[in-house]
1. Just the isolated ones, please: cysteines in the chain lacking another cysteine beta carbon under 4.7 angstrom.
2. With +1 assigned to the C-beta of every Lys and Arg and -1 to the C-beta of every Asp and Glu, and no other charges, what is the dipole magnitude of region 78-130 about the Cα centre in debye, to the nearest 20?
3. Please list the non-local residues whose amide H lies under 5 Å from the amide H of Ile424, H modeled 1.01 Å from N, same-chain partners needing a gap of 5 or more.
4. Tell me the net charge near Trp161. Cut-off is 10 Å between Cβ atoms, Trp161 excluded, with +1 for each Lys or Arg and -1 for each Asp or Glu.
5. Counting only heavy atoms of protein chains, what accessible area per residue, in Å², does the chain have with a probe of 1.4 Å?
6. At what distance in angstrom do the alpha carbon centres of region 396-447 and region 284-315 lie from each other?
7. Ranked by accessible surface with a 1.4 Å probe, highest first, in what order do Lys349, Lys236 come?
8. Check which residues have an amide H placed less than 5 Å from Lys450's amide H, if you skip close sequence neighbours.
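The values are calculated or read from the model by the stated rules, or taken from the named source; none is laboratory data. Everything quoted here is computed from the prediction, not taken from an experiment. Virtual Cβ from ideal backbone geometry, glycine too; neighbours counted across all protein chains shown. For accessibility, only protein heavy atoms count, side chains too; no ligands or nucleic acids. Shrake-Rupley method; radii C 1.70, N 1.55, O 1.52, S 1.80 Å.
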Amino acid sequence: MDQKFPDSFKFGAATASYQIEGGWNADGKGEHIWDRLSHTPGKIRDNATGDIAANSYEKWREDVRVASEMGLQFYRFSISWPRILPTGFPNKFSKAGAKYYSDLIDGLLAEGIEPVVTLFHWELPVKMQDMGGWTNPLIVDWFGNYARIVYSLYADRVKTWLTINEANVVCDIAYNIGAYAPAIKEPDYAPYICNKHIMLAHARAYRIFDQEFRHKHSGRVSLANNLMWIEPSSPKYEKLAELARENMGGRYTHPILSKNGGWPPAYEKAMLKYSLEQGETESRLPHFTKEEQEYVKGTADFYGFNYYTTNMIRPAKPGEHPGQWFVSGTTELNAVLEQPPNAYYGALKGLPVYPEGLRKQMVWLKEQYGDIDMMITECGYSSIGYQLDDYERSDFFHEHLEQILLSIKLDNISVIGFTVWSLIDNFEWLNGYYIKFGLYEVDFEDPERKRTPRASALYYECMIKSRSLNNSCLDQFVVAKQQ
Ligand code: GBH
């Protein structure tokens, strides 16, 4: 097999605003739900906050420099809603906040790096949360108004947009466990109400781009779904696994990419049955009206998704409590998720490494929804502590790139990009600064927040240059570079 990646395939890396920027109240930025959570003692490991983080609000030139050093073709970053609109609403506008992203975009373009922009990577303005956040149907308007302002600022220069990062984290993980912001545990209703509104909000942002901006500024819009691949722990559970896949990814994809739109039919049916058994008079998963179904359908110009891991699924044994972890459906389906037997692990035991899952996921997507350009918008390996020689991380990327190449060559899937999570170490949500994902290490003790390449950064630079799996890029060590 030819080991070369096609020219249409691009290599990039990602970050998210709260995880790197700091400047949490700089220049009038408004408060969002992760500010509020991290400022509440006991919620985040070591009571870490994103108040300063990697200080990219001041050090963004360093981020552009390291991206350019590695030869990245694109850089995916996100915009902090209340940095531009302090209340979330258009009544207040921060010129300084808007200028920050404008400068960053210009800085990237000057280095020949394409900006890929996420509109929402979890920083809901607190005012909106206090009015129900994603459970209030008006969020569709709020999000649309915000999206319009962002497009009007940057669509002349930004050509690739992602509306929502990981709707399933926002709706399912957040409300099921109650640990991620807004730290409300309401697993029975909130995830499903949120599901409907978040799909409509995504669609609103897509339609606004389509109707008001596309004719002036070309561009393409998608979202970044969080797809954990799910295998049956025995072939006899394939039907259960299929339902779990519908729950995990289908719920956020079928409304957009399927021929008829709407929720995945088998999942919708299962939810109705479950809801009635629980004493409801209708499904907890709110249905789309015909009009809404049409409105959401077709709202992706390519398909973006984050891939980190694979899990196995089996029915719960009598008396066994179904895990309510990644997939809210483990309760509805009365099933248990397990780690794959031959996986290996980074620092996060919840993310078993299983590169084959990435290819299987893409094959499933193609079988379900047909041909669409696919972009892996995140993929990353976790480690602990300061350590530059991270051979395991390079190996992790190499193995995932191998699966992608197989998909391109053997499954005939159009994969247009791979995005490393993350460009630099950052605030890893509930894990604070304890867990690292960066190609570049950030010294969080240093007021300058110095960025230093790990071996994996050298690996990636080498990979981007060779654009082939047939290379010696895995032999990169940081010590060699520093001499
Ligand atoms: C991504 O989500 C996020 O988009 C990104 O911001 C984040 O930094 C990255 O993951 C790494 O976490 O505590 O072991 O059960 C991927 C989905 C869901 C993965 C929550 C981590 C908790 C893992 N994430 N999950 S664990």
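1. Within the chain, the cysteines lacking a partner Cβ under 4.7 Å are Cys379.
2. About 340 debye.
3. Leu439, Tyr440
4. For residues surrounding Trp161, the net value is +1.
5. Normalised by residue count, the accessible surface of the chain is 37 Å².
6. If you average the Cα positions of each part, the centres end up 23 Å apart.
7. The residues order as Lys236, Lys349, largest area first.
8. Answer set, sorted by chain and number: Asp443.
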